[in-house]
Amino acid sequence: MTTVMATNSQLEKTTAEFRSLFPGAPKVYRAPGRVNLIGEHTDYNDGFVMPAAIDFFTWVAIAANRAPVIRAHSCQFKETVTLELALAGPPTGHWSDFVRGVASGLIIAGCKLSGCDLIIDGQVPLGSGLSSSAALEVATATALLGVSGAKLSQLEVVRVCQRAEHDFVGTRCGIMDQFISQFGEAGHALMLDCRSLEFRRLPIPRDVRIVICNSMVKHELAAGEYNRRREDCEAGVEALRAFLPGIRALRDVSLVQLEEHRQSMQERVFRRCRHVITEDDRVQRAAEALSRGDLARFGELMNESHESLRNDYEVSCSELDALVEAARHRKGVYGARMTGGGFGGCTVNLVRADEVESFRHQVCAEYAKSTGLKAEVYVTSAAQGAGEVEVAR
Ligand code: ADP
Ligand code: MG
């Protein structure tokens with residue numbers, strides 16, 4: 001089990017919250033949210049992504065309770081639930097589905113869990129595309145394993161958490177969010193091959209910050225459009241298979257091959273495929289740039305990713321474009337792009353540390369002027385993945 005260092009204050013806060021509700025002396029665990037730096041809509045095409053864990057965590061304080069139940073309290077929902085340890089059943093739409101799904105998945109994976117009380121205190125903004133859900137799952141799994149003394153490999157924990165979200169919450173998410181929340185390393189982005197699950201950690205220079213701008217909008221059409229994009233990608237693979245029988249996913253196709261067979265598919269499908277294929281290529285070139293410490297090149301690739309998502313994949317929206325527009329060409333900004341599924345949510349920006357405050361003010365002012373909306377801005381470095389928390393001295 002990884003140990004992570006934290007300041008005394010958050011550890012004390014979580015411990016105090018636990019003591020106000022439950023008996024016993026708790027252990028404290030945490031897992032981070034994440035942001036994807038580049039590699040959007042590539043995961044379900046067996047491609048590459050490059051997320052980083054962010055300095056916003058879901059904290060869990062936990063102690064065994066000698067009963068055959070899990071009592072869980074969320075500080076965000078100000079609500080306590082009691083769950084049987086032998087727990088199954090369909091999604092209920094309640095936040096406790098995440099806890100139930102993770103506990104049940106651990107039991108199915110052969111872990112012997114003890115009854116316990118736990119406090120969940122989440123700092124990852126909920127429902128903003130920064131994966132408070134994966135942070136909750138991975139923090140809960142890490143805490144349940146820690147207090148029960150049960151052992152499971154890190155990758156199995158990731159899979160249990162992903163399955164919890166599929167089966168108990170009803171979201172068919174990829175594996176990226178849980179993976180980075182578990183495997184993230186401070187100061188590093190992680191390039192993940194979504195087919196083989198091989199990964200590489202790449203250092204992010206110390207003098208840059210990852211700045212996330214929340215557009216504060218979420219357009220209704222997101223879910224339907226997401227499914228349509230997946231269908232378009234499948235249609236592209238289907239059309240190309242007539243010429244390239246060995247391919248399984250867009251991951252296996254080059255841009256030259258796609259262009260060669262452009263006439264075999266609708267124009268829209270061609271553009272969707274072009275985004276995915278060029279985005280996979282951008283992630284690989286971004287990894288090379290980062291390993292050379294070449295932030296200027298990395299930023300250019302982020303910018304190109306946004307253009308491709310806007311023009312070929314058509315998942316941006318006027319608010320995301322406005323945020324990107326306001327960020328680009330500012331002093332100290334290497335790159336700016338939408339991040340996540342699209343149609344609202346956040347942009348991610350790489351900004352020199354000494355320019356972050358002026359960036360924040362200017363981007364917020366410009367965004368308010370062009371849209372009438374108030375953006376939220378989160379400044380972070382790449383954070384450490386899940387672990388038990390000890391106080392830094
Ligand atoms: P995102 O992962 O982008 O933040 P999701 O809709 O996938 O958005 O996950 C948000 C949901 O996860 C919340 O509605 C809630 O059910 C659950 N959740 C996340 N954090 C907490 C928390 N601290 N306490 C209780 N539930 C939480
Ligand atoms: Mg989520």
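Computed from the coordinates by the stated procedures, all read-outs in this text should not be read as laboratory data. Fair warning: this is a prediction, and the values are worked out from it, not measured in the lab. Neighbour counts are summed over all protein chains in view; Cβ atoms, including those assigned to glycine, are modelled from backbone coordinates with ideal geometry.
Computed quantities for the displayed model
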| item | result |
| --- | --- |
| Residue pairs, from the table Lys78/Lys374; Lys331/Lys374; Lys27/Lys218; Lys27/Lys78, whose Cα atoms sit over 25 Å apart | Lys78/Lys374; Lys27/Lys218 |
| Dipole magnitude (debye, nearest 20) for the chain, charges at Cβ of Lys, Arg, Asp, Glu | 680 debye |
| Highest to lowest packing among 357-365, 124-132, 175-183, scored as the average C-beta count within 10 Å | 175-183, 124-132, 357-365 |
| Ordering of 205-215, 25-35 by packing [mean C-beta count within 10 Å, highest first] | 25-35, 205-215 |
| C-alpha long axis of helix 356-371 to longest principal axis of the chain, angle in ° | 70 degrees |
| Test item: Cα-centred dipole of the stretch 208-380, Lys/Arg +1 and Asp/Glu -1 on Cβ, debye | 260 debye |
| Using alpha-carbon coordinates, inclination of helix 132-148 to the longest axis of the chain, degrees | 40 degrees |
| Rounded tilt (10° steps) of 267-291 against the dominant C-alpha axis of the chain | 70 degrees |
| Cα-based shape type of the stretch 136-205, given that a ≥ b ≥ c are square roots of the gyration tensor eigenvalues and the cut on a/c is 1.5 | oblate |
| Spatial extent of the stretch 81-170: Rg and Dmax, with the Cα atoms as the point set, Å | 12.1, 34 |
| The stretch 208-380 shape via C-alpha gyration tensor axes, a/c threshold 1.5 | oblate |
| Mean residue ellipticity (222 nm) of the chain, computed from DSSP H runs ≥ 4 via -39,500 (n - 2.57), nearest 500 | -13000 deg cm²/dmol |
| Cys75 paired with Val217, simple spin-label distance in nm, labels 7 Å along Cα-to-beta-carbon | 3.3 nm |
| Top positive-direction residue, dipole computed over the chain with Cβ charges, set Asn349, Phe57, Gly24 | Gly24 |
| Charge dipole of the chain about the Cα centre (unit charges at C-beta), most positive-ward option of Leu136, Val237, Ile175 | Leu136 |
| Rounded if a/c under 1.5, otherwise prolate or oblate - the stretch 1-118, Cα gyration tensor axes | oblate |
